[in-house]
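Here the structure is laid out as structure tokens; the discussion comes afterwards.
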Amino acid sequence: MKGHLIISSLALVCLCVWTLDLFAAASSSPDSPAGAAPRGVSSVSRNGVSIGPTALDSEFDQRDLSALNLLGIRYAKGQGVNRDPRLAMRFFLLSALKGYTPAMANVGTLYETGAIGRPNQHRAYAWVRTALSFGVPEKDHDATVLKLGMIAARLGSNNIGAAERLAGAIATRVVETCQCSPGEETELASNGSL
């Protein structure tokens with residue numbers, strides 16, 4: 001019982017630290033207004049941002065991927081916009097499928113916390129694991145490894161194999177979408193655009 005309390009407390013502290021890091025990243029975004037859609041994302045509608053069918057087809061540069069991720073953070077937290085975790089997931093996925101690892105980790109966080117429904121540790125593990133395989137920025141590496149360990153502890157050793165297979169499928173999809181490979185993201189995410 002005492003061990004579970006310590007692990008739960010550690011998980012809460014790590015979640016708070018990661019949340020503060022996400023908040024810091026969002027608050028240090030470029031001088032774009034809250035809710036402004038980056039290049040490649042279509043019109044802003046009355047009910048939120050609608051993403052057109054050509055959004056994934058356009059060429060995103062590193063600033064676009066970072067902007068999509070930061071916009072997702074704003075919607076996930078309700079910073080300057082109405083809180084909308086489902087819309088946040090859409091922005092994170094747009095960026096993550098183009099190989100942007102901070103967005104991959106954020107997708108995992110939404111699944112872990114159950115922000116878009118019931119918590120799904122299986123998918124949370126797979127997305128965080130994929131982010132690590134593509135190479136999260138060095139400053140986020142230790143926190144991401146710790147997060148993966150906490151999710152793995154909740155998932156249980158019997159379910160890790162299935163989560164690893166899902167991570168492999170996600171990585172394959174990312175490689176097909178962004179035409180990049182694991183390891184390239186370290187350069188993409190840490191080139192100063194954050």
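What follows draws every value from the coordinates through simple rules; no lab data is involved. Note that the structure is a prediction, hence the values are computed from the model and not measured. Glycine also receives a Cβ, built like all others from the backbone with ideal geometry; neighbour counts cover every protein chain displayed.
Things worth noting here:
- Protection proxy ranking for 112-121, 79-88, 152-161, 63-72, using the average of other Cβ atoms within 10 Å per residue and placing the highest first: 63-72, 79-88, 112-121, 152-161.
- HN-Hα J in Hz across region 125-137 - Karplus 6.51, -1.76, 1.60, θ = phi - 60°, x for Gly and Pro: 4, 4, 6, 5, 5, 5, 4, 5, 5, 8, x, 5, x
- Ranking of Lys139, Lys147, Lys77 by neighbouring Cβ atoms within 10 Å, starting from the fewest: Lys139, Lys77, Lys147.
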